[in-house]
Each structure stands twice: as C-alpha cells, then as structure tokens.
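Just below is one structure, and these are the notes that go with it.
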Amino acid sequence: MNRIQNKLKENKKILSIYFTAGYPSLNDTVSIIQNLETSDVDMIEIGLPFSDPLADGPTIQASSSKALKNGMTTEILFNQLKDIRKTVSIPLIIMGYFNPMLQYGVEAFCKKCQEIGIDGLIIPDLPVDVYSEDYKSTFEKYGLVNVFLITPQTSDERIRFIDSISNGFIYMVSSASVTGSQSGFGDDQKYYFERISNMDLKNPQIVGFGINNRDTFKQATQYAKGAIIGSAFIKFIAENTVENIKQFVQSIR
Amino acid sequence: MNYNVNEKGYYGKFGGAYIPEMLYPNVEALRQNYLKIMAEPSFKEEFNQLLKDYVGRPSPLYFAKRLSEKYNTKIYLKREDLNHTGAHKINNTIGQILMAKRLGKTRIIAETGAGQHGVATATVCALMGLECIVYMGEIDIARQAPNVARMKMLGATVVPALSGSRTLKDATNEAIRDWINNPVDTHYIIGSAIGPHPYPDMVTRFQSVISEEIKWQLKAHEGRENPDYVVACIGGGSNAAGTYYHFLHDENVNIIAVEAAGLGIDSGESAATSVLGKEGIIHGCKTLLMQTKDGQITEPYSISAGLDYPGVGPMHAHLSKTGRAEFMSITDADAMKAGLELSKLEGIIPAIETAHALAIFEYKTFKTDDVVVVSLSGRGDKDLDTYVKYFKL
Ligand SMILES: Cc1ncc(COP(=O)(O)O)c(C=O)c1O
C-alpha cells in the first residue's frame, strides 16, 4: 500500500506542506524535505516549477520563476531526490503543471517517480477526462496516487465522478481563487466544507488554498481530513533558514 | 482530411481543454451552449445587425492595382482595417459579448497584445454597459500607447501584466487567473483562436465572416468565388482562421500563414512558432509552442505586439503539421519595409502585424494571373510611433 493511503488511515488531522523545488536556493530541496519530516509534518508536496503557473498567485509564481532562474529542471529535481528514501519515510507528492511532464514523457516521468519513491502527483491542468482516458493506467502501473481538485463551483455529479476515479484524497480548493489569497474563511466556506463533508465520499478531503495560520488550519480541518499550506510556507522559508522550519509548523498546530 | 474541430475539441491531435478544475464550470457551460446560442435566430439577427450597422461590414475587398503591378500578380486586400476600431478583432468581440449576455455574465475580462483586441472588447462593453477589465503586458502598454488611451476613454480598466516577458503571454496568464478568482459573474473574451476548447472554434466561427464575404466579393470582381491563395499573419491565428475558414476544404485554394521571425529564426529573438515550436500545452490547449527541452515556455520576440506570442492556435498547428498551409516567417525589418511600401503604393498604412503578411511578396513569386487575397487585418494608427522612430520619418 502507498504511503499516502497509509497516512490517511491514521486517526489524525493531516498537515501537508507545499514548497517550490529550487527555492530559495537550487539545492535546498532535500534539506527542506528532511526538516519538514522532523518537524512532524504529515505529507509534502514538492512543486516542480513552471514558467506559466496559471493557478498560482504572486507568491508561488515568484518562487517558481526564482527556482527556474536558479537552474531547476525536471532532471535536476529527480537527481536531487534520487536517494531521498534513504533518509525520509514521509509521503511525497510532486505537484506541477502538465507541460513539463509531457515533455519528459508521461510514462518516463511516472516510472522515475516510482524509482525514487514518490507516492503521488497533483497536476492541476491535467483534466479528469483526459487522465481517465489516457493516463490512468500508466499512473496505476507505477503505483502513483493521482489527486484531483474540486472547488465550490464543482457540481455534486462531477465530485462523485472525481471521487470514483481517485485513490488517495480529494484536494478541496477552499474558495474561488488562485493560490495565496489571504481572505480567511467565512460562511461561504463553512457551507461548502459542510456540503462536501455530508456527501460521504470514499476519498478523504484535504483543503488547500488560503490556509496560512492556526485559525484557518483549524477551521479547514474541522470538516476535512487535513489541510495544505503553500504560499505561507514559501514566504516563511524566504525569510528564515531551513533549520527554523519547526517554528513554522508549531505556529500552525 | 478534416480541418475543423471534432466533437472532442481537437484539430487532429491539437486542441482540447487542459484547464485547472477551477475553470471547468465556465468552460464547460460555454462548450455546451456556444453552438446552440450561435444558431438561435435572435442571436444571428443581432450579430449580423451589429456587424453591418456598428462595425460597418461588409469590409471591402479591394484590388490593389499598384501593388499587383509591382509583384506582377493579382493582389486583393480584405480591408478589415476599415472596421470600426480598426482591425478584425471586433468581429469576435461582438459575437462574444452577445454570448456573454446570453450566459448571464456581467463582468468582462480580456487579454491584449497590440491593444486592438483590448480596444474591441472595451468598445463592445461600452456598447452593452458591462464592466471591462483588460490585461496587457507592461512592454505592450508602452509600445501601443494610443490603444491604452482608447481603452481608458471607453471606460475599461487596463491592468499591467508584470510577470515573464510582460507581453501577450503574460497578459493571458493574468486574465486566466482573474477568471479563476471570479468564476460566477465573469466571461473571458479571448482575442485569438487560442485557449481551451471551445474558444478556438468559437473565435474562428465569429471571424469566418471574413472568408464568407471574400467569396461573394471575389465572385463580383473575378467571376469566381475561390482565389488561388489566401494569406494572413498569425499571432494566435484569429484573422487567419477567419480568412481561411470557407476555403479550408477546397484544396485548390492555397493557404499561406505568416509568422513573425523577429530578428531572425535563429537569432533567439523570434516568434516563429511553426519552426521553433514543439507540441505541448499553453493556455489550456495542446498545440505548437516555443519551449525549452524541459517544457518551460520561452519568451518570444517580435516588433509587433500582436504577433509576439509563443504559440499558435490548435487549428493552425494542424494546418502546419498536415501541410495544408504553407508557413512563412518574416523578420521585423522585412515587415517594416512592407508596411512602408503599402503606405506609399496604395495609400494604406497597415498595422505592423498585417505588414508581415504583405512582406511575403518579396520572397514568393506568384503567377501573373494568380488571385492572391491578403487579409489586411488592421490599420497602422497604433503603430505610427514605431514606424516614425524606425524610419526616422
Ligand atoms: C491588426 C492585427 N492583426 C493581427 C493580429 C494577430 O492576431 P490573430 O493572429 O489572432 O489575428 C493582431 C493582434 O493583436 C492585430 O492587432
């Protein structure tokens, strides 16, 4: 069984952290992962930077272009991660846009992920229908969990379909926005979290976008299995050293 | 061979809708409704009425006598530059604003490169009393200042795109992000035959009035509906798609697509996607785009803001791969020369985008009795500053 699936069985709320690989410095990847694990984070999303990240707000955009300027490539990321399973056992997910994977070759990419010990992928611009027709069998062949997004605008019918083809968790985008919005959660989110929670889906849900402190983490995990922090962590790591990651995690829970 | 879109939204292997889930409800609603809405008699009536009374269609098909003499062939210019707002872009924005109203949208967003699409969008928003936000790269705001002023005067908000190369690609990214942030009340009027399905097909259909008119106009001039060649410049490919549309399946009509070579194909400063591009995904569709080996989209370059885009619409990628269209690339220098030449020979100052299409006559020889129709996609008012500086006029 996949590390993500095992983790989700634990009777606890999941804290997942996103960071952009190659940021702040090209070779921070492994030490960020190691420090996140020792800081008691439950899951890590390694962002493969892309030149045109459509679903991301200014913070992740800026970290992605800096990472690319630093020289990050798909090949370099895979090289940095090649021995990662000798030191960490935390579930690892690669999050990235579809074009770099397409250029690497989807099958080659998945194969490499399996060799390294990556547990899942989040590809925001790989649509559900294309995935289920063209790529599902490849992902499964290499033991990868694929994670889909839902939003407050996603219909019940579509959520059920997404649930049916998912095998890890559902990424619940907290509100209609790109990453990094700071508005906090109001009645709309509460209603949405409740609505999804009442659907009794087979896959647990993890909330992302707009989680940036103890309050928003708490609100999100009141209904959902866990929450993902991205932009707030990127901002932290820009101003602090890798050794201070524990402080960040302690500020959340 | 079929050159139109199939039911799944593909032209051959190009097209589709590679969009984040956040955009799905809007794009799906559009996909399900656009053909139905376009087929409604009331829609057709309103669209045609506005094209006639507001845009000033039909646009003339003008026999360019002196240009024809110079190149020893028969050159006709399809005068999209005479449309209200000065380019073909308004054909699409009229169609999409009527579409947006029927979809119940009240807020309109758009991207723009040359500013022609931004002006055309701001214009129809003023006409319909809808809020209008236009994203435009910072570089383009500087080089197309007259159009920025026009958009503001028309009541639109112009938001600078500050990321990447600060041109059309980045303006499109910002518009897409706006749509993600505003999924309920907003319609995104894409300005070229690009983006996720159904946009390339919808924009092509709205622009297809160009070739529809060419057919009957050419019949009056030449006694035949079909020219030997149709020629258009390609940024994303909307004026080209409209110019080719009714000739796509008539293999006797040769199609020429003209891309911007910038400082030269091998200079590293170019926007000639069919030569430099590779299959991949940009702005929600699978098409040819300029990218690194690693799949990062590269920054294009052209003197012309409207052609300064690292991709082409999926229909054109298909026309290129199948060989249905002949792709040519024209440098900044050749385009500028052709723009000046048309001004002096015919008294028509073309947009620099359009000038690329006119420059092919220096490189390709046509037979004396060939009928060559060139899409004169826009007028050069917006480019006067660039022309004046370039030629030290
Ligand atoms: C006059 C003119 N022609 C051509 C273009 C290129 O766009 P497309 O390829 O969609 O026709 C533009 C774009 O701004 C334009 O303003």
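The values are calculated or read from the model by the stated rules, or taken from the named source; none is laboratory data. Note that the coordinates shown come from a computational prediction; the quantities given were computed from them, not determined experimentally. Every residue, glycine among them, receives a Cβ derived from its backbone with ideal geometry; neighbour counts consider all protein chains shown. Areas reflect the complete protein model, heavy atoms only, side chains present, ligands, DNA and RNA absent. Shrake-Rupley method; radii C 1.70, N 1.55, O 1.52, S 1.80 Å.
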- Any idea how far the Cα center of segment B:108-126 sits from the one of segment B:324-372, in Å? 26 Å
- Item | At 0.890 mPa s and 25 °C, Stokes D of segment A:126-236 from Kirkwood alpha-carbon radius, µm² per second | 168 µm²/s
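Quick one: order B:H187, B:H84 from most to least accessible surface, probe 1.4 Å. Can you show the working numbers first?
On the way: B:H187 5, B:H84 70 Å².
Reading off the accessible areas and sorting them downward yields B:H84, B:H187.
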- Under the Karplus curve 6.51 cos²θ - 1.76 cosθ + 1.60, θ = phi - 60°, whole-Hz ³J(HN,Hα) for segment B:350-365, x wherever Gly or Pro sits: x, 4, 5, 3, 4, 4, 4, 5, 6, 6, 5, 5, 6, 10, 10, 9
- Specify the residue with the greatest mean-square fluctuation among B:E225, B:E299, B:E21, computed from a Gaussian network of chain B linking alpha-carbon atoms under 10 Å apart. B:E21
- Task: Just order B:127-139, B:190-202, B:151-163 by mean Cβ neighbour count inside 10 Å, highest at the front, would you?
- Result: B:190-202, B:127-139, B:151-163
- Note on the structure: For A:K190 and A:Q114, extending 7 Å from Cα along the Cα-Cβ vector and measuring point to point gives, in nm, a value of 4.7 nm
- Note on the structure: With R₀ set to 30 angstrom, the calculated FRET efficiency between the beta-carbons of B:T292 and B:V159, to the nearest 0.05, is 0.60
- Query: Rg and Dmax of chain A, using alpha carbons, in Å: what are they?
  - Reply: 16.7, 45
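Expressed as a whole percentage, what fraction of the accessible surface of segment A:13-252 belongs to carbon and sulfur atoms when a 1.4 Å probe is rolled over the protein heavy atoms? Present the calculation step by step, with values, prior to reporting the outcome.
Values: 4050 of 8700 Å².
Carbon plus sulfur share of accessible area: 47 percent.
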- Gap separating the Cα centres of segment A:108-167 and segment A:1-58, nearest whole Å: 17 Å
- For chain B, taking Cα atoms only, what is the radius of gyration to one decimal and the Dmax to the nearest whole Å? 19.1, 56
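Using DSSP H assignments, which helices in chain B have an axial alpha-carbon span of 30 Å or above and a mean Kyte-Doolittle hydropathy of 0.5 or higher?
Numbers: long enough: none.
Flagged H segments: there are none.
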- Query: Using the per-residue mean of other Cβ atoms lying within 10 Å as a proxy for protection, in what order, highest first, do the peptides A:216-225, A:236-245 fall?
  - Reply: A:216-225, A:236-245
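Averaged per residue, what accessible area in Å² does chain B show with a 1.4 Å probe, protein chains only? Mind showing how you got there, number by number?
Values: 13490 Å² over 393 residues.
Per residue, chain B has an accessible area of 34 Å².
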- Message: I'd like the mean, over residues of A:60-71, of how many other protein chain beta carbons sit within 10 Å of each residue's own Cβ.
- Response: 1
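Between B:N72 and B:W216, take the C-beta separation as r, use R0 = 25 Å, and let me know the FRET efficiency to the nearest 0.05.
The computed FRET efficiency comes out at 0.40.
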- Task: Report the Cys residues of chain B lacking a disulfide-compatible partner, meaning no second Cys Cβ under 4.7 Å from their Cβ.
- Result: B:C233, B:C285
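Restricting attention to segment A:102-202, which trypsin sites (Lys or Arg not before Pro) occupy a DSSP loop and are surrounded by at most 12 other Cβ atoms within 10 Å?
Working: sites: A:K111, A:K112, A:K136, A:K141, A:R158, A:R160, A:K190, A:R195, A:K202; in loops: A:K202.
Passing sites in segment A:102-202 are A:K202.
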- Query: Once you average over the residues of A:42-50, how many Cβ atoms of partner chains fall within 10 Å of each Cβ?
  - Reply: 1
- Mean-position separation - Cα centroids, segment B:137-172 and segment A:173-201, in angstrom: 33 Å
- Distance violations [Cα-Cα > 21 Å] among A:K190/A:K235; A:K82/A:K202; B:K13/B:K215; A:K12/A:K112; A:K66/B:K169; A:K82/A:K235: A:K190/A:K235; A:K82/A:K202; B:K13/B:K215; A:K12/A:K112; A:K82/A:K235
- Cβ charges +1 (Lys, Arg) and -1 (Asp, Glu), total dipole of chain B, debye: 440 debye
- Task: Would you tell me the mean number of C-beta atoms belonging to other protein chains that fall within 10 Å of each C-beta in A:177-189, as a whole number?
- Result: 1
- Message: Given a 1.4 angstrom probe, I'd like the percentage of the accessible area of chain B that is carbon and sulfur, rounded to a whole number.
- Response: 53 percent
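With charges only on Cβ, +1 for K and R and -1 for D and E, what is the dipole size of segment A:13-252 about its Cα centre, in debye, rounded to 20?
Details: 20 positive and 27 negative charges, 81 e Å.
The dipole magnitude comes to about 400 debye.
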- Accessible area per residue of segment A:13-252 at 1.4 Å probe, in Å²? 36 Å²
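Sequence gap at least 6, Cα distance under 8 Å: using those rules, report the relative contact order of segment B:137-268 to the nearest whole percent. Please list the in-between numbers first.
Numbers: 143 pairs, mean separation 22.6, N = 132.
Reported as a whole number, the value is 17 percent.
How big is the antiparallel share of DSSP beta bridges in chain B, given as a percent to the nearest 5? Provide the component values of the computation, followed by the final result.
Values: 15 of 49 bridges.
Counting DSSP beta bridges with both partners in chain B, the antiparallel share is about 30 percent.
For n ≥ 4 DSSP H runs only, could you compute -39500 (n - 2.57) per run for chain B, divide by its residues and tell me the 222 nm figure to the nearest 500? Mind dumping the intermediate values first?
Working: 16 runs with 162 residues, N = 393.
Taking each H run of at least 4 residues, the total per residue is -12000 deg cm²/dmol.
Roughly what % antiparallel, to the nearest 5, for the DSSP beta bridges in the protein assembly as shown? Don't skip to the answer; put the middle values down first.
Values: 15 of 78 bridges.
In the protein assembly as shown, DSSP labels about 20 percent of beta bridges as antiparallel.
Could you report the buried accessible area between B and A, both sides summed, computed with a 1.4 Å probe and given in Å² to the nearest 100? Write down the numbers at each step before the final one.
Working: alone 14860 and 11000 Å², together 23160 Å².
Using a 1.4 Å probe on protein heavy atoms, the buried area is about 2700 Å².
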- Task: Would you be so kind as to list the residues of segment B:252-297 that have their accessible area lowered by at least 50 Å² in the full protein complex compared with their chain by itself (1.4 Å probe)?
- Result: B:I281, B:D294, B:Q296
